[in-house]
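*Asks:* So that we are looking at the same thing, I have put the structure below in structure tokens.
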Amino acid sequence: MDLTPSGLSARARTPGGKKLLRYTAVSGVSVVVFEVLLFVTFGLLHWTVTWANVFAVSVSAIPSYYLNRKWAWGKHGRSHLMKEVVPFWGMALLGLLMSTITADLAKDWADEVTETHILRTLIVMAGTLAAFGVLWVGKFFVLNKVLFVHPSHEQSKVST
């Protein structure tokens, strides 16, 4: 892969590159929704870190699903329960599990290093962001190759 600026620019203009850019933009929206909800529930409302994380993940997964499905992958019509919805929510649950463990660990560490709740909140937010970052690349491949595959793309692979 050509990692020069011109090579990356050319890659971004391909269908796969455009899809990756749209997926990245959707991820950005999802992260903002998640982090704002986590900040409000844990930071301002003083929910437990676990419940704040569960709420933030659950709510942010909804726009993530619809934006990824319709905008990033161009799928329209009814969602297929077993081919799209269940696997997507399975990945969301994996993210929930990883981010909850990370949030708990980050809070425990934050409790040791600061007495300021706002700093604890920022540490928890950074920890959960890191957990989702780890899943980001793998999730793209699952969405691209399993969940939101267009039948015409699959047929062209078979016929070539």
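None of the figures in this text is laboratory data; all of them are computed from the coordinates on show. Quantities reported herein were computed from a predicted structural model and do not represent experimental measurements. FYI the Cβ positions are ideal-geometry reconstructions off the backbone, even for glycines, and counts take in every protein chain you see.
*Asks:* Mean Kyte-Doolittle of at least 1.0 plus a Cα span of 15 Å or more along the axis: flag which DSSP H helices in the chain meet both, please.
*Replies:* Qualifying helices, which must be both long enough and hydrophobic enough, are 49-67, 117-142.
*Asks:* Now for a different question. Label Leu94 and Met1 with points 7 Å out from Cα along Cα→Cβ: what is the distance between them in nm?
*Replies:* Roughly 1.9 nm, to one decimal.
*Asks:* Moving on. Can you work out D for region 5-70 in µm² s⁻¹ from Stokes-Einstein, where Rh is the Kirkwood radius over C-alpha pairs, the temperature is 37 °C and the viscosity is 0.692 mPa s?
*Replies:* Numbers: Rh = 13.3 Å.
So the translational diffusion coefficient is about 248 µm²/s.
*Asks:* Between Val29 and Leu119, what FRET efficiency comes out of the Förster formula 1/(1 + (r/R0)^6) with R0 = 25 Å and r the beta carbon distance, rounded to 0.05?
*Replies:* 0.40
*Asks:* Report Rg/Rh for the chain, rounded to two decimals, where Rg is the Cα radius of gyration and Rh the Kirkwood radius. Intermediate results must be reported in sequence, preceding the final value.
*Replies:* Numbers: Rg = 18.1 Å, Rh = 17.2 Å.
That ratio equals 1.06.
*Asks:* Moving to a separate point now. Name the lysines eligible as straight-distance cross-link partners of Lys75: C-alpha to C-alpha under 20 Å, and not fewer than 8 places from it in the same chain.
*Replies:* Once the sequence-local lysines are set aside, what remains near Lys75 is Lys18, Lys19, Lys83, Lys139, Lys145, Lys157.
*Asks:* To continue, here is another question. From the residues Thr100, Val142, Ala131, which one has its Cα farthest along the dipole of region 15-160 in the positive direction, the dipole being from +1 and -1 charges on Cβ of Lys/Arg and Asp/Glu about the Cα centre?
*Replies:* Farthest towards the positive end: Val142.
*Asks:* Give, rounded to the nearest 20 debye, the magnitude of the charge dipole that region 18-160 has about its Cα centre when Lys and Arg contribute +1 at Cβ and Asp and Glu contribute -1 at Cβ.
*Replies:* 1060
*Asks:* Okay, next question. Grab the Cα-Cα distance for Arg22 and Ile62, subtract it from 0.36 nm times how many residues apart they are, and report the gain in nm with one decimal.
*Replies:* In short, 12.7 nm is gained.
*Asks:* Could you compute the net charge surrounding Ala106? Neighbours are other residues with a C-beta less than 15 Å from the C-beta of Ala106; K and R count +1, D and E count -1.
*Replies:* -3
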